[in-house]
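Worksheet: the structure to be examined is printed underneath.
The values are calculated or read from the model by the stated rules, or taken from the named source; none is laboratory data. Keep in mind the model is a prediction, meaning the values are calculated, not measured. No Cβ is skipped: glycine too gets one built from the backbone with ideal geometry, and neighbour counts run over all protein chains shown.
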Amino acid sequence: MATLKNKLRNWKETRSTWQKTVDVLFWLLLVLLILPGPRKVIATAVNKVALHVKNPGIKSEEKQVQLNDLDYGWVLADGNGTPYHMSDLRGAVIFLNFWATWCPPCVAELPEIQKAYEKHGNEVVFLLVANQEPSVVEAFMEKHGYDIPVFYPGTSTPQVFESSSIPTTFIISREGKIVTKKRGAANWDSRATTRIFNELVR
């Protein structure tokens, strides 16, 4: 105990007011990052700042991946368990996003996805896919006032859509090509995204 007191006294005497302030803020941030609740809030806030410098784009034609019949054979389900067949979306522009309520980058980009859905939802099919209990997801969506359609895997996810991380987003053209694949959060309400949608729906 005496050693701790000596260290504290030495810290007070040898550090300037500015250095003490930085030290306290550093340790406070460290404690907050250790605690689960504040850690998620901080991580989400950091991701919100970061996503505004990450604008997606269309891949060059040789890098675009063509979906096949097996990919379009994927079956999703809504919150009530009603099947939703990917095959019904042939010829549509699709925004497909894999996410979870516990994922800070996913949560950070949702406001931008909501805005994009409000602007482009009449021309682009938006699919948020979550591998969680529907009751948890629906409570989260209602709490935040989001009305983007959320679905759950009804059959195994096609290999072409598999990813080791979330969020992962795919934009699919009318011709069934993956023209954009983005891992991590992005600003989906940017001018860059609007250009992508406008180019694909015309």
key: Near pairs, Cβ below 9 angstrom, 6+ apart or cross-chain, from segment 79-91 (at positive phi) to any residue that is surrounded by 10 or more Cβ atoms within 10 Å (Cβ to Cβ)   = Gly81/Pro134; Gly81/Tyr152; Gly81/Gly154; Gly91/Arg174; Gly91/Glu175; Gly91/Gly176
task = Considering each residue of segment 120-137, count those that are surrounded by 15 or more Cβ atoms within 10 Å (Cβ to Cβ) and touching a residue at least 40 places away in the same chain (Cβ under 8 Å), and give that number.
result = 6
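Out of Ala116, Ala108, report the one residue that is at pLDDT below 95, of a type outside the set (Val, Ile, Thr), surrounded by 15 or more Cβ atoms within 10 Å (Cβ to Cβ) and closer than 23 Å to Asp189 by Cβ. Steps first, please.
Working: Ala116 fails: at pLDDT below 95.
Answer to the selection: Ala108.
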request  = Mind listing whichever residues of segment 144-163 are under 18 Å from Leu110 (Cβ atoms) and either in contact with a Gly (Cβ under 6 Å, 6 or more places away or on another chain) or not small (Gly, Ala, Ser) (or both)?
outcome  = His144, Tyr146, Asp147, Ile148, Pro149, Val150, Phe151, Tyr152
key: Out of Thr168, Thr101, Thr155, sole residue that is within 11 Å of the chain's Cα centre (by Cα), within 22 Å of Asp71 (Cβ to Cβ) and surrounded by fewer than 20 Cβ atoms within 10 Å (Cβ to Cβ)   = Thr168
task = Scan (1) modelled with pLDDT of 95 or more; (2) loosely packed, with under 15 Cβ neighbours inside 10 Å; (3) under 17 Å from the mean Cα position of the chain (by Cα); (4) not small (Gly, Ala, Ser) for the single condition Glu142 breaks and write down its number.
result = (3)
message = I want to confirm something. Restricting to segment 171-190 and keeping residues that are under 19 Å from Val93 (Cβ atoms), out of contact with any Ser or Thr (no Cβ under 8 Å at 6 or more places or on another chain) and at pLDDT below 95, which single residue is surrounded by the most Cβ atoms within 10 Å (Cβ to Cβ)?
response = Asp189
request  = Can you run down the residue pairs with Cβ atoms below 9 Å, 6 or more apart or on separate chains, where the first is in segment 150-167 and under 14 Å from Thr82 (Cβ atoms) and of a type in the set (Gly, Ala, Ser) and the partner is modelled with pLDDT of 95 or more and part of a loop (DSSP other than H, G, I, E, B)?
outcome  = Gly154/Trp74
query = What are the residues in segment 63-74 that are in contact with a helix residue (DSSP H, G or I) (Cβ under 7 Å, 6 or more places away or on another chain) and farther than 20 Å from Thr180 by Cβ, if any?
reply = Gly73
query = How many residues, within segment 157-170, are of a type outside the set (A, V, I, L, M, F, W, C) and either at pLDDT 95 or above or assigned to a helix (DSSP H, G or I) (or both)?
reply = 6
ask   = Say we look at segment 168-200 and pick out the residues that are in contact (Cβ under 8 Å) with a residue 40 or more places away in the chain and of a type in the set (S, T, N, Q); which of these is farthest from Thr101 (Cα to Cα)?
value = Ser173
